[in-house]
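Remarks on the structure that follows.
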Amino acid sequence: MDRHEVEDRVRRECQPFLSLLGPSGLSLYRGIDPRAPEVFEGRVDRARQPKNMPIPLHEAADAWFSRQFGVRFRGAALFCTGSKATASRHGRLYRIYPVGGFQFCWSPSVGDLHVWATQNGLLDGHPAALVESLKALDYREDGLAEAIASSSEIMVSCSRYYALEDRDD
């Protein structure tokens, strides 16, 4: 697929996402392995393993999100942000477009859950302590433009997405 073909597909297949953003000009970003192609169609890993979060904490948080929102946002979602700088720390910068229906979840208090848990002394604690803390973080499934503008971690649940390397053209 070339860039123009993917851009056409985004306009046709990503309307639920694009309609939430309207004319804002905002984008979802993700850092991706530099060996990835310039543009591609990706599938969300439904058995995502955490990069840094201990497995017991990851599983407890995933179960909490599933109970609260009906989606395993920690283990079956794509992690994005509205911050180019944050996304760039995780790889080459791409703009992300969920295909068709999708759900998202974010907290205005959490830029990155792993960093937040570390700063709050929860990384080495019991999973129940993390779960109890999640309840107070105002996680929500609305306000996509606000989420992107906040530079918070945004967990996106979808089957497929398009990724386009962010270029200055």
Response to the item:
Scalar couplings 3J(HN,Hα) for region 138-144 by Karplus 6.51 cos²θ - 1.76 cosθ + 1.60 (θ = phi - 60°), nearest whole Hz, x for Gly and Pro, are 6, 5, 8, 10, 9, x, 4
Fill in: Dipole of the chain, positive end: most advanced residue of 75, 103, 144 [Cβ charges, Cα centre]
75
Worksheet, complete the sentence: Quick calc, region 111-160, dipole around Cα centre from Cβ unit charges on Lys, Arg (+) and Asp, Glu (-), nearest 20 debye, gives 120
Worksheet entry | For the chain: accessible area per residue (Å², 1.4 Å) | 49
Item to complete: Would you mind working out the magnitude of the charge dipole of region 1-117 relative to its Cα centre, with +1 at each Lys and Arg C-beta and -1 at each Asp and Glu C-beta, to the nearest 20 Debye?
Response: 200
Worksheet entry | Cα-based Rg and Dmax for region 16-63, where Dmax is the largest Cα-Cα distance (Å) | 15.4, 41
Discussion item. Using a 1.4 Å probe on the protein heavy atoms, what percent of the accessible area of region 42-169 belongs to carbon and sulfur?
Written reply: 47
Fill in: Of the trypsin sites (Lys or Arg not before Pro) in region 124-169, those whose Cβ has at most 10 other Cβ within 10 Å and which sit in DSSP loop
135, 167
Discussion item. If I fit a long axis through the Cα atoms of helix 55-69 and take the longest principal axis of the Cα atoms of the chain, what angle between them do I get, 0 to 90°, rounded to 10?
Written reply: 70
Item to complete: Please identify which residues in region 87-110 have an amide N closer than 18 Å to a label point set 7 Å out from the Cα of residue 120, following the Cα→Cβ vector.
Response: 105-110
Fill in: Phi to ³J(HN,Hα) by Karplus 6.51 cos²θ - 1.76 cosθ + 1.60 over region 85-96, Hz, x for Gly, Pro
4, 5, 4, 4, 5, 10, x, 5, 6, 10, 8, 10
Worksheet item: Which three semi-axes in whole Å describe the equivalent ellipsoid of the chain, each the square root of 5 times a Cα gyration tensor eigenvalue, listed largest first?
Response: 28, 16, 15
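The values are calculated or read from the model by the stated rules, or taken from the named source; none is laboratory data. Source: prediction; values computed, not measured. For neighbour counting, all protein chains shown are included, and Cβ atoms are generated from backbone atoms with ideal geometry for every residue, glycine included. Only protein heavy atoms, including side chains, enter the accessible area calculation; ligands, DNA and RNA are left aside. Shrake-Rupley method; radii C 1.70, N 1.55, O 1.52, S 1.80 Å.
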